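The values are calculated or read from the model by the stated rules, or taken from the named source; none is laboratory data. In this text the structure is predicted, and so the values were computed from the model without any measurement. Glycine gets a Cβ as well: all are built from the backbone with ideal geometry, and neighbour counts include every protein chain shown. We work out accessible area using only protein heavy atoms, side chains counted, and drop any ligands, DNA or RNA first. Shrake-Rupley method; radii C 1.70, N 1.55, O 1.52, S 1.80 Å.
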Amino acid sequence: IGGTVYVTNAGTANGAPGNAVVTYDTAGSPLGSFLTPNAPSPFGILANGGGLLVSSSSANDDIHRYSLAGAPLGTFHNSTSLNFAEQMNYAANGDVLTAGFSSNNVVRLNAGTGALISSFTASGARGVYQLGNGNIMWTSGGGAFVHDVNTGLSTNVYAGGGRYLDFVQIPTPSGASLLALAGVAAARRRR
């Protein structure tokens, strides 16, 4: 955000500041940190409304608001519907999707108020990301799953384990498409 990278931290090993958000510039140089007493054991972070949302593994203040400078701005979401909030991500319509590890679900929250809109079962959910087709990918210790928003069913698409998800655009050499490159490689293997 504005040239600053925000990272959640929980622990003091190797001189780390404890329950805090640590900041870096885009070159990786440390800029400082701020404590997150209202979000003990912080897990996820998401830019929101000119500030930050910080998810927590502790009950109460499941997701807390902070200013970019680290001032606590109050609770974003706290309910029995969410427990041990990990990754947060935006849905295509702007809602906040949150993986609930101990509540075994993914919740959809109003981005302005934090009010619960809906949820679906996702055992041990850690990561969450809405795909281009509207379905929701989520991860757990069991792998990666895709939740079909029409059928309400989740299908395991990768067995093994997973954490946080995000979209990455992979650049290709000289603007060639990955599909074209794959086709060339396949043609070479057939020779």
**Asked** What is the number of the single condition among (1) farther than 15 Å from F101 by Cα; (2) without any contact (Cβ under 8 Å) to a residue 60 or more places away in the chain; (3) not aliphatic (A, V, I, L, M) that N48 does not meet?
**Response** (2)
**Request:** Could you list all residues from the range 150-162 that are modelled with pLDDT under 95 and within 17 Å of N105 (Cβ to Cβ)?
**Result:** G162
**Hits in the range 124-137 (condition: open to solvent by 70 Å² or more (accessible area, probe 1.4 Å) and touching a Lys or Arg at 6+ places or on another chain (Cβ under 8 Å))** = none
**Message:** Pairs needed: first member in the range 122-148, over 13 Å from R108 (Cα atoms) and part of a loop (DSSP other than H, G, I, E, B); second member anywhere, open to solvent by 50 Å² or more (accessible area, probe 1.4 Å) and modelled with pLDDT under 95; C-beta distance under 6 Å; at least 6 residues apart or different chains.
**Reply:** R126/R163
**Message:** Where the second residue is part of a loop (DSSP other than H, G, I, E, B) and modelled with pLDDT of 95 or more and the first is of a type in the set (V, I, T) and crowded, with 17+ Cβ neighbours inside 10 Å and lies in the range 81-99, which pairs have Cβ atoms under 6 Å and are six or more apart or on separate chains?
**Reply:** V96/A111
**Prompt:** Within the range 163-191, restricting attention to residues that are of a type in the set (S, T, Y) and surrounded by fewer than 10 Cβ atoms within 10 Å (Cβ to Cβ), which residue is modelled with the lowest pLDDT?
**Reply:** S177
**Request:** Hey, can you tell me all the residues within the range 62-91 that are on the phi > 0 side of the Ramachandran plot and outside any strand (DSSP E or B)?
**Result:** G70, F84
**Request:** Looking only at the range 12-61, count how many residues are touching a Leu at 6+ places or on another chain (Cβ under 9 Å) and part of a strand (DSSP E or B).
**Result:** 15
**Qualifying residues in the range 103-114 (those that are free of Cβ contacts under 8 Å to residues at least 24 places away in the same chain and part of a loop (DSSP other than H, G, I, E, B)) - the one nearest to S33 (Cα to Cα)** = T113
**Request:** Inspect all residues belonging to the range 134-149 and state whether any of them is in contact with a Gly (Cβ under 7 Å, 6 or more places away or on another chain), under 16 Å from Y90 (Cβ atoms) and at pLDDT 95 or above.
**Result:** yes
**Request:** Being under 16 Å from N48 (Cβ atoms) and within 13 Å of the chain's Cα centre (by Cα) is the filter; apply it to the range 100-123 and report the residue that is most open to solvent (accessible area, probe 1.4 Å).
**Result:** R108
**Item:** the range 21-38, subset closer than 12 Å to A71 by Cα and among the hydrophobic types (A, V, I, L, M, F, W, C), residue surrounded by the fewest Cβ atoms within 10 Å (Cβ to Cβ)
**Value:** L35
